[in-house]
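Everything below concerns the one structure shown next.
The values are calculated or read from the model by the stated rules, or taken from the named source; none is laboratory data. Owing to the predicted nature of the structure, the values given are computational and were not obtained by experimental measurement. Every residue, glycine as well, gets a Cβ built from its backbone with ideal geometry; the counts of neighbours run over all protein chains shown.
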Amino acid sequence: MGWRNVIVRIVILLSVNLAVINSSNEVDEELHRVGRSRLRTRQRRLINGCDLFRGNWVYDESYPLYDSRSCPFIGSGFDCQRNGRPDQDYLKYRWQPHGCDLQRFDGKVLVERWKGKKIMFVGDSLSFNQWESLTCMLHTAVPHARYTLEYRGTLSIFSIPEYELSIMMLKNGFLVDVVTQQVGRVLRLDSISTGSRWLGIDVLIFNSYHWWTHRWEYFEVGGRLFKDMDHMEAYRIALKTWAKWIDSNIDHSRTQVFFQGVSAAHLNGSEWRQPRARFCYRQTRPIDESKFAGVPHPGEFIVKSVLDEMQNPACLLDITYLSQLRKDGHPSIYAGGGPKYLDCSHWCLAGVPDTWNQLLYTVLFGQ
C-alpha cells in the first residue's frame, strides 16, 4: 500500500473510529483521576529543571529551519506549499518551553556525532513524517554532501556516505504481528516476530497509535481469537508486548531507544473553542495555551503508563501537548488529493515534525 493510500485511510478511519476511542471508559476515568502530573517524572526530559514539552508556540521570523522547495525528499502529501497552500505563517512558529530554550538544531554537528551510526524510525506514516523532516534538516545542513535514497519494501534508507550515516524508516504501524488466518487479517497482540530488524541499530525511534483507531475485526491474545475488542485496551496490550520485547532484547549500552509519543489530530473544533470549525480547514494560527480547551489524550496516558513499567524505559518524546496546540500545521486540503480530501492528522513540511527532531536533538545532546 502506498503512503498516499495510508494517509487517506488514516484520515477517513480516524474520523469513523473516534467513537471507539472515546468508548474506553477505563482509560477516560483514569485520565481524569490521575491526569498528566502524577505520572512518574522520569518520562519527562528535564534540562536544568525545565520541562521541554510544556510551553507555547511563538512567532519567529528566522523559521522555518529549511525551505521545502530545496528539499527533494518531501512526499507529495506533506508538501503543502507545492500543493497550493496560500498562507505561510504556520511555517514561522517556534516551540518555546516555559523557563528555558530548546537547543538550536545544528545538522552539521548531528551528522558528525552520528558518524558511522544507524538510526531507525519504526512506525506508521507519522514516523514517516518525522523521518522526511530529518532528511530535509540534514540535507540543508550539509547540502554538498552526496546522499543516497533507497526503498526496499517497507524499509526506506537515507544515507550520507561521507559520514557513513544511515537514517532509516521501517513501516510498522502496530509494532506487533499482523497475520492472515482463515477468518482474515488478525492482530496478534502478544507476538512480535520481526523484531530482529530492530537489532544492531544505534538509535531507535518507535511510534504507534493512529493505526489503532482503524476499524479492525479480529484480535488474538494468548491463542484466543476475539472478534473486535476495545481498541485502546488492544493498544495497551500491544505496547506492553513491545516494551517486554525491548527490555529482553535491546542492549541499552549500544542502542538508545525513544518513543515518538502520540501526535494529535484536530477533528473537534471545541478543543479550541470553535465548535463549528470544519476540523483543521482554514486554521492558520496555533492555539494559545491559555485558550486550549482540550483534554488529556487517551493514547498519551497509555504510552506513559507502559513506558513507566519498563525495566529500562524508552525516552519519551512527549509531543502530544505541543502538537495539540498546532491546529494550523496540518495539510488540510493541501495534501495533494484535491479540495474534497481533508488531512488533519499529518503535518506539513516544513512544519511541526521539525520541532520533534529539534527535541530529539536537545534530548540527545543538550546540557
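Listing for the model above:
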item	result
Residue that is surrounded by the most Cβ atoms within 10 Å (Cβ to Cβ), among those in the range 199-236 that are aliphatic (A, V, I, L, M) and within 25 Å of GLN130 (Cβ to Cβ)	ILE205
Pair list, Cβ < 9 Å and 6+ apart or interchain, from the range 58-79 residues that are touching a residue at least 24 places away in the same chain (Cβ under 8 Å) and within 28 Å of ASP101 (Cα to Cα) to residues that are β-branched (Val, Ile, Thr) and surrounded by fewer than 19 Cβ atoms within 10 Å (Cβ to Cβ)	LEU65/THR140; TYR66/THR140; ASP67/THR140; SER70/THR140; CYS71/THR140
Failed criterion for ASN357 (all others in (1) more than 16 Å from ASN207 (Cα to Cα); (2) outside any loop (DSSP other than H, G, I, E, B) hold)	(1)
Odd one out for ASP318, checked against (1) outside any loop (DSSP other than H, G, I, E, B); (2) under 13 Å from the mean Cα position of the chain (by Cα); (3) not hydroxyl-bearing (Ser, Thr, Tyr)	(1)
First in the range 95-111 and surrounded by fewer than 14 Cβ atoms within 10 Å (Cβ to Cβ), second anywhere and assigned to a loop (DSSP other than H, G, I, E, B), Cβ under 8 Å, 6 or more apart	HIS98/ARG54; GLY99/GLY49; LYS108/VAL142
Residue tally, condition surrounded by fewer than 20 Cβ atoms within 10 Å (Cβ to Cβ) and outside any strand (DSSP E or B), over the range 164-185	3
The listed residue being within 22 Å of THR355 (Cβ to Cβ), of a type in the set (Ser, Thr, Tyr) and modelled with pLDDT of 95 or more, out of SER156, SER166	SER156
Among (1) in contact with a Cys (Cβ under 6 Å, 6 or more places away or on another chain); (2) crowded, with 23+ Cβ neighbours inside 10 Å; (3) at pLDDT below 95, the one test that GLY261 misses	(1)
Residue within the range 337-354 that is within 26 Å of CYS50 (Cβ to Cβ), over 18 Å from the mean Cα position of the chain (by Cα), of a type in the set (Asp, Glu) and not in a loop (DSSP other than H, G, I, E, B) present	no
Candidates ARG326, ARG282, filtered to the one that is basic (Lys, Arg) and surrounded by fewer than 24 Cβ atoms within 10 Å (Cβ to Cβ)	ARG282
Which listed residue is in contact with a strand residue (DSSP E or B) (Cβ under 9 Å, 6 or more places away or on another chain), surrounded by fewer than 20 Cβ atoms within 10 Å (Cβ to Cβ) and farther than 23 Å from LEU360 by Cα, from SER191, SER248, SER196	SER191
Residue list for the range 138-156, filter: in a helix (DSSP H, G or I) and free of Cβ contacts under 8 Å to residues at least 40 places away in the same chain	LEU138, ALA141
Breaking point among (1) among the small types (Gly, Ala, Ser); (2) in contact (Cβ under 8 Å) with a residue 12 or more places away in the chain; (3) crowded, with 17+ Cβ neighbours inside 10 Å, for GLY269	(2)
ILE160 being surrounded by 18 or more Cβ atoms within 10 Å (Cβ to Cβ) and more than 23 Å from the chain's Cα centre (by Cα)	yes
Looking only at the range 54-87, and only at residues there that are aromatic (Phe, Trp, Tyr) and at pLDDT 95 or above, the one that is surrounded by the most Cβ atoms within 10 Å (Cβ to Cβ)	PHE78
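For (1) part of a strand (DSSP E or B); (2) touching a strand residue (DSSP E or B) at 6+ places or on another chain (Cβ under 7 Å), each residue gets a yes or a no:
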residue: TRP57; (1), (2): yes, yes
residue: TYR63; (1), (2): no, yes
residue: SER76; (1), (2): no, no
residue: ASN83; (1), (2): no, no
residue: ARG94; (1), (2): yes, yes
residue: LEU102; (1), (2): no, yes
residue: LYS108; (1), (2): no, no
residue: LYS115; (1), (2): no, yes
residue: ILE119; (1), (2): yes, yes
